[in-house]
Amino acid sequence: MAETRPDPDALLARVKREERGAVRGRLLIFFGSSAGVGKTYAMLLAARRARDEGRDVVVGIVETHKRAETAGLLGGLEVMPRKTIEHRGRKLDEFDIDGALARRPQLILVDELAHTNAPGSRHPKRWQDIDELLANGIDVFTTLNVQHLESLNDVVGGITGIKVWETVPDTFFDEADDIVLVDIPAEELLTRLKEGKVYMPEQAQRAAGNFFRKGNLMALRELALRRTAETVEGEVREYRTDKAIEGVWKTQSRLLCCIGPDGSEHVVRNAARLAGQLGVGWAAVYVETPELQRLSKERRERILRVVKLAQDLGASTAILTGAGVCEALVDYARTGNFSTVVVGRGPRRRLPWRRSMSDAIAAAEESLDVLEVGRAARESGTPIPRPPAPAADEANPRTLERRLRYLWTAIACSATAAAAFLLLDYFDLANIAMVFLLTVVLVAAQWGRGPAVFAAIVNVLTFDFFFVPPRFSFAVSDVQYLLTFGVMLSVGLIIGQLTAGVRFQARVAGHREERARTLYEFSRELSGLLTTDQVIETSETFMSRTFRARVSVLVPDEEGHLSSPTERGMNNPLDVAAAQWSYDRAEPAGAGTDTLAANDFLFLPLKAPMRTRGVLAIRPERSRDLMVPEQRRQYETFAALTAIALERVHYVDVARDALVKIESERLRNSLLSALSHDLRTPLAALLGLSESLALTQPPLSPQQADIARTLGEETKRLIGLVNNLLDMARIQSGEVRLHLEWHPLEEVVGSALRSMRSVLGTRPVRVDLPQDLPLVQMDAVLIERVFANLLENVAKYTPEGTAVAIGARVDAAMLEVSVADEGPGIPAGKEELVFEKFIRGEKETATPGVGLGLAICRAIVEAHKGRIHAEAGRPRGARFVFTLPLGTPPGEAP
């Protein structure tokens, strides 16, 4: 009986998953094609059954959409109160994750997995709330429609013509412990829609004319069924791996195409057509055995071109190694759970006891369906062209080495004959023959099958000529020696064959170990790098040495143009253009691809999770390496590791810059606060002294009175500057608390104008406030400060006599307020810059100030959940506009 022990690596992975699952809650998703199929209803039924079984069940949030049947199932279940979040004057009810964690039930129901939480919530998405519940060991029931899966979002948009903005990552969906498909036919769903069981009547009428069309519902139903089948397929595969089940389960139709040593273009094309007709996935493999290693270079290159053809036709490809083609194919079919194998019909059997490949596969695995494709007339069809190969590819550096193997074999056989002459007087001829067999074994182990066969033949002839009577002649005195020669030759050939096979398997295992080792070493080196230049230098050096190729890592500048920091970039403009094409479209290009294939380089985009970080350019010594699937995957794996490393160091730089900025802001605010407090006392004393000088007796002379007045005005200006510094420090440190009350805007404007009357001087002020302006919830003192700073800004930068306009209007849910002047205006391009701290409209000017007024205005307005900006493109003057959110004043109906 065949041994069916599980794979140790698979067992280890399973143990890790079980350890993770022991502390993590279980997730059950009720999955459907669209709204109205009954997902929430099915979830509530399952929750009631769980409650009846004695589990602690709580309803976190369930949307019944006023469906009486669904709402009736909430009876008897504990329903958590929702959390109210205010956003732009509206109160929104959201799921209370803190309350759920404090309550900590065994099972909680959280409807609508793809829901987007209101601003101010802990997580932006509800699936992130559920992930936190699961991490705390709480089981969750939830619901999801197929159109909300991220990978199917564009497909659904193309079918329905409606863009769905709320999506869930497929990785989170695939990690669910169970998926329950809730499905009803499209006709029944449309009937439910007409009966008002999906939406309210007015909503149902709109839905029936847009989303809920029969064609849409049928397509969405098919997508939901297929996506559920994919999930179940993964679970079946995992179960078969855990239980070490080798037999093929025909739970799905998948084709496995075998590429033979003759190329089999006809077989590949037939397999592609068959897979397309059945609508199933397929794979194409070529099995390399020790015998097939002796194929000519032209035939091996043709095989690689056929493998590339299969990949272009949509197959997943692989090159397998094994002692026999049949055994390797059956093992691969069992592992991938392929139900059907497609092979080509071989040549007519010359020996009656030799079975065809299809018969051998059917005998090795009875559960496999084997399709034998007939041979085309000389492989009719468009031939696969051979790509032009450079001279380096045509010249085989191992040709001389292989020829030298036969020379060394001849020398070894001669040495064996010489040693046998020395032993002839002491041992019988049977023992001498063993020495010659030992030489065949050693030659096979060292130089492979061909030299072993050569050694077996040479040793038999040498033994006959020099040692078997009559000596020095190929004649034989005893017929029994013919049996000896036959046994020697047969044993030599068999031992050479077996030894060469073991040598082949050892070489294959060595290549696999080398690939794994290089990947490990490369990832280990990248993990300790901290700068982009280090990552690029290490990647280029390591890959050049590993692949014996010219390697260049190209990264974009601020304008998106590629360049090489190590100056190993492309010298040919066509190479640069190909690399730029690969970066712009995030697709491979160059040699070995269908795009710009005449190029010598293979360009692989460095695609990281967030964005494409550059392009990896590779030009191997032998262009045929680009056609080997395993080698191509090795390139792509190295490119992925490089992209992740570049993204990691990028965000390390971002985090470091952010930390430096935070610390500098904190230091600046601390200095401003300390400076402001230290200056307030002496400035207050200075102001008091200046006012006292004006009251002294005898009265001051006109010149002295003017000095005292100037001293008082300058002191007041300094006090205002210090107050600005102190307010800015307090606002940015978060110490300012808004005292929100309902106020009419005209009162705040009037108070600000009265306080700034002396500052404005002779400038006329025009106030345009509608009579029906609503009350605004605001901190009147701080909003008055906003008006004061804006008016002070007008007084600084506009000449005397120019008009000032203050206006307001209601725009949707916001109140828009403006302050405009007729001065020189804001320089073009500085409309946003003037709101930064210590930034002024004019750098060199006699106008007093340090550039904090507008920064304080922005901080106050944003603390009120509003926005402030300076209008651009005005022909004359400046106009500042800020908004405040409108709400529902007390005593008014919402």
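Here, each number is a calculation from the coordinates, and none is a lab measurement. Bear in mind that the values here come from a model prediction, so they are computed numbers and not experimental data. Positions of Cβ are generated from backbone atoms using ideal geometry, with glycine treated the same way; all protein chains shown enter the neighbour counts.
What number in nm² do you get for segment 413-515 if you take the convex hull of its Cα atoms and divide its surface by four?
Taking a quarter of the hull surface, the average projection is 6.8 nm².
Along each principal axis of its Cα atoms, how long is segment 54-137 end to end? Whole angstroms, biggest number first, please.
Dimensions of segment 54-137 along the principal axes of its Cα atoms: 41, 33, 20 Å.
Under the definition of Cα pairs under 8 Å and six or more residues apart, what whole-number percent is the relative contact order of segment 480-605? Provide the component values of the computation, followed by the final result.
Numbers: 94 pairs, mean separation 13.4, N = 126.
RCO, segment 480-605: 11 percent.
Quick one: if the Förster radius is 22 Å, what FRET efficiency do Tyr651 and Glu836 give, using the C-beta to C-beta distance and rounding to 0.05?
So the FRET efficiency works out to roughly 0.30.
So what is the relative contact order of segment 56-187, in percent, for Cα pairs below 8 Å that sit 6 or more residues apart?
Rounded, it is 19 percent for segment 56-187.
Can you tell me the length gained on complete extension of the stretch Thr802 to His869, counting 0.36 nm per residue apart and subtracting the Cα distance? Mind dumping the intermediate values first?
Details: separation 67, 0.36 × 67 = 24.12 nm, distance 2.19 nm.
Between Thr802 and His869, full extension yields an extra 21.9 nm.
Which order, highest average first, do 580-589, 449-458 follow once you tally other Cβ atoms within 10 Å for each residue and take the mean per peptide? Write down the numbers at each step before the final one.
Details: 580-589: 18.8, 449-458: 21.9.
The packing order, highest mean first, is 449-458, 580-589.
Please compare each pair in Lys39/Lys607; Lys39/Lys83; Lys125/Lys865; Lys66/Lys91; Lys796/Lys830 to a cut-off of 28 Å on the Cα-Cα distance and tell me which ones are over it.
Lys39/Lys607
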